[in-house]
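Data block below; observations after.
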Amino acid sequence: MNINFEKLKNKLSQLVHLDTNFEVFGSESHQYILNPCLSEKELQDFELNFQVNLPEDFRNFLLKIGNGGAGPGYGFLGLNIDNFQNGQLFQPDFLAQDFSLKHEWNDLDLLQEMNGSKVSVYFDQKFIQGSIAVAEYGCGIQARLVVTGEERGNIWIDDRTNEAGIYPLTSHCAAFFHDDPDMDTYMYESVEESKEALTFYEWYENWLNLAINQVLEFG
């Protein structure tokens, strides 16, 4: 994989120039604005505090391009350090624990089981531990970056809100979520798709490429 952050910046600038009316899905939310970058010290402190090594492409994006803003779905969420530090949403070792899934998962039988609260076991956070939410696609669908475990560096989709489970964001899925103008009606049903998840860099560049194509084609 050829990682070139200057190329990403140039593509984003091209998209900003082309999509002045915010026609691309979610662009009205972020309006192609990027949040300020994080510092090396902020990232080192975060990694030390939460016992995690952030994937290099994600880490460098935060350092060189921005900590959230313009991006897939309703925008790139960035690294919300406060959410992890307040301890209300996640256990302290949430990121240090391995992301356990290797293949798409959807055990609907767990909807009938409760974990001691009013929340079904199906929605237990153990299924997404070792990952960080990087985008919201709407209808409760999240893109998550795996930061610990065998799938480290890859993007997975958490679509449990719609009872569709958790699965890797392949290039095939990305064509669906990023509104590929060349995707025909039945492409999403294909069994020929690659099962390999996109990395963070590939995910972000995929969105840029397809957004630019969409604006050029439908203007």
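The values are calculated or read from the model by the stated rules, or taken from the named source; none is laboratory data. Keep in mind that what you see is a predicted model, and the values were worked out from it rather than measured. Here the Cβ is made from the backbone with ideal geometry for all residues, glycine too, and neighbour counts use every protein chain on show. Remember, those area values only see protein heavy atoms, side chains included, never the ligands or the DNA or RNA. Shrake-Rupley method; radii C 1.70, N 1.55, O 1.52, S 1.80 Å.
Quick look at the numbers
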item	result
For peptides 162-174, 198-210, 57-69, sequence by mean Cβ density within 10 Å, most packed first	198-210, 57-69, 162-174
Over 20 Å [Cα-Cα, the stretch 19-111], rounded percent	53
Viscosity 0.692 mPa s, 37 °C: Kirkwood-radius Stokes-Einstein D of the stretch 67-159 over Cα pairs, µm²/s	232
Descending principal axes extents, the chain, alpha-carbon based, whole Å	51, 46, 30
Relative contact order of the chain, defined on C-alpha pairs under 8 angstrom at six or more residues apart (%)	20
Probe 1.4 Å, protein heavy atoms only - accessible area per residue of the chain in square angstrom	52
